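To start, the structure under review is shown below, and the notes come after it.
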Amino acid sequence: MSAPNKSYDPVEVEALKPEEIERMQSEALAAFAAATDLDELASAKTAHTGGTSPLALANREIGALPPHAKADAGKRVGQARGRVNQALKVRQEELEAERDARVLVEEAVDVTLPYDRVQAGARHPLTTLSERIEDVFVAMGYSVAEGPEVESEWLNFDALNIAPDHPARTMQDTFFVESAADGDEKQTGVVLRTHTSPVQIRSMLDREPPLYVICPGRVYRTDELDATHTPVFNQVELLAIDEGLTMADLKGTLDHMVRALFGEGMETRLRPNYFPFTEPSAEMDMVCYVCRGASVGNPDAPCRTCSSEGWIELGGCGMVNPRVLTACGVDPEKYSGFAFGFGIERMLMFRHNVEDMRDMVEGDVRFTRPFGMEI
Ligand code: PHE
């Protein structure tokens, strides 16, 4: 058994030698300095200040030293650990400041960037024009009436005084959905409505006069799609039934409508025409809202909108034929009425100089957008 080592020198414990402590300290400081982000610093922290770091292990050796050597070694290790912890704290603060500065730049929101990159849509001008027309009449006390687009042949033709063998049936090229059963007189076929007049018939059958209705809607005719025709188009038709209505009321209503839609000073004229459901019937024209007639006989100032005619044809109108009133259960001795109808596409064409009807049905937003979001 060996005698106690009275002259124990802490320097002899390898881990506690001053140059070893010095080395551990400078390795720790170098590792902290080399850490370029907080993750790297966290690993360096574990390696150089954790429970198994060289300085922590050296610290444990102190306990085994004789009392007189403890203070010296303890001071040396303690100072080294203090410096290491201080360096760690400084580097930690540096890296946190760097991170905060970087986050401010990387996650910054540029409030000056344009926010409206998404193009706003627009309503289709056929819809807005049709609603505008409805508004004019609703303001006069009319109500808006709607009906089905697949319609019975009786409501689309017969009730409007267009009997099956009436030549007027060929005036409107019809899409037939179902033909009437042969030999059954009461049976009626089914068609895609060729005008919105059947809605007027439905209104008369449903309600008691006086009756003031406006019927907007989609109608169908067997036309090819080209610059001036489309097999599906929109109409607005109007019906007024009351006691004592005359052609003067019709004319006044038309004049009011064109003024409300095209501006003060506008007027209409009526030219004789034929429709089976009105008697007398007329074609209605309005003064050209561009040249107001100034282009007529004036080759120096031609007008493209009215082809220098001074008038633009709008649609058909007339006093409701008493036969139609009778078919709908309205007493023609007591009541009279007027009706008119016109195509929205045509009106849109001359109101906005749209030259090709196909633009209205193709759904290209470049056509719709300039009309905006008018509500
Ligand atoms: N229904 C007719 C058409 O579509 C238009 C019209 C309506 C004519 C009312 C006169 C009176 O052609």
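Summary of values
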read-out	value
M266 open to solvent by less than 20 Å² (accessible area, probe 1.4 Å) and either away from the ligand (no atom under 16 Å from the Cβ) or without any contact (Cβ under 8 Å) to a residue 12 or more places away in the chain (or both)	yes
Any hit, the range 288-303, residues being within 16 Å of the ligand (Cβ to nearest atom), under 25 Å from F137 (Cα atoms) and touching a strand residue (DSSP E or B) at 6+ places or on another chain (Cβ under 7 Å)	no
Top-ranked residue of the range 327-348 - restricted to ones that are touching a residue at least 60 places away in the same chain (Cβ under 8 Å) and over 19 Å from T278 (Cβ atoms), ranked as farthest from the ligand (Cβ to nearest atom)	L348
Unmet requirement for L65, which otherwise passes all of (1) surrounded by 14 or more Cβ atoms within 10 Å (Cβ to Cβ); (2) free of Cβ contacts under 8 Å to residues at least 40 places away in the same chain	(2)
Answer from E283, E243, E224 - the residue that is touching a strand residue (DSSP E or B) at 6+ places or on another chain (Cβ under 8 Å) and surrounded by fewer than 15 Cβ atoms within 10 Å (Cβ to Cβ)	E243
Test: M373 is away from the ligand (no atom under 13 Å from the Cβ) and either modelled with pLDDT under 90 or out of contact with any Pro (no Cβ under 8 Å at 6 or more places or on another chain) (or both)	yes
Condition broken by G297, with the remaining ones in (1) touching a Ser or Thr at 6+ places or on another chain (Cβ under 9 Å); (2) surrounded by fewer than 19 Cβ atoms within 10 Å (Cβ to Cβ); (3) in contact (Cβ under 8 Å) with a residue 60 or more places away in the chain satisfied	(3)
Answer from R83, R99, R117 - the residue that is among the basic types (K, R) and either under 30 Å from P216 (Cβ atoms) or outside any helix (DSSP H, G or I) (or both)	R117
Residue match in the range 305-326 (condition: under 30 Å from L225 (Cβ atoms), without any contact (Cβ under 8 Å) to a residue 12 or more places away in the chain and loosely packed, with under 15 Cβ neighbours inside 10 Å)	yes
Sole exception among (1) open to solvent by 20 Å² or more (accessible area, probe 1.4 Å); (2) under 25 Å from E146 (Cα atoms); (3) within 16 Å of the ligand (Cβ to nearest atom) for T194, by number	(1)
Per-region count, the range 207-218, residues of a type outside the set (A, V, I, L, M, F, W, C), under 19 Å from A327 (Cα atoms) and either part of a strand (DSSP E or B) or within 14 Å of the ligand (Cβ to nearest atom) (or both)	1
Exclusive hit being open to solvent by 70 Å² or more (accessible area, probe 1.4 Å), of a type in the set (A, V, I, L, M, F, W, C) and not in a loop (DSSP other than H, G, I, E, B), set V105, V90, V77	V105
Residue within the range 147-160 that is within 16 Å of the ligand (Cβ to nearest atom), within 18 Å of R218 (Cα to Cα) and surrounded by fewer than 17 Cβ atoms within 10 Å (Cβ to Cβ) present	yes
Meets criteria (within 31 Å of the chain's Cα centre (by Cα) and surrounded by 14 or more Cβ atoms within 10 Å (Cβ to Cβ)) for V144	yes
Residues located in the range 176-193, provided they are outside any strand (DSSP E or B) and modelled with pLDDT of 90 or more	R193
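The values are calculated or read from the model by the stated rules, or taken from the named source; none is laboratory data. Every value quoted in this text rests on a predicted model; they were computed, and no experiment measured them. Please note: Cβ atoms are built from the backbone with ideal geometry, for glycine as well, and neighbour counts cover all protein chains shown. Just so you know, the surface numbers come from the protein's heavy atoms only, side chains and all, with ligands and any DNA or RNA stripped out. Shrake-Rupley method; radii C 1.70, N 1.55, O 1.52, S 1.80 Å.
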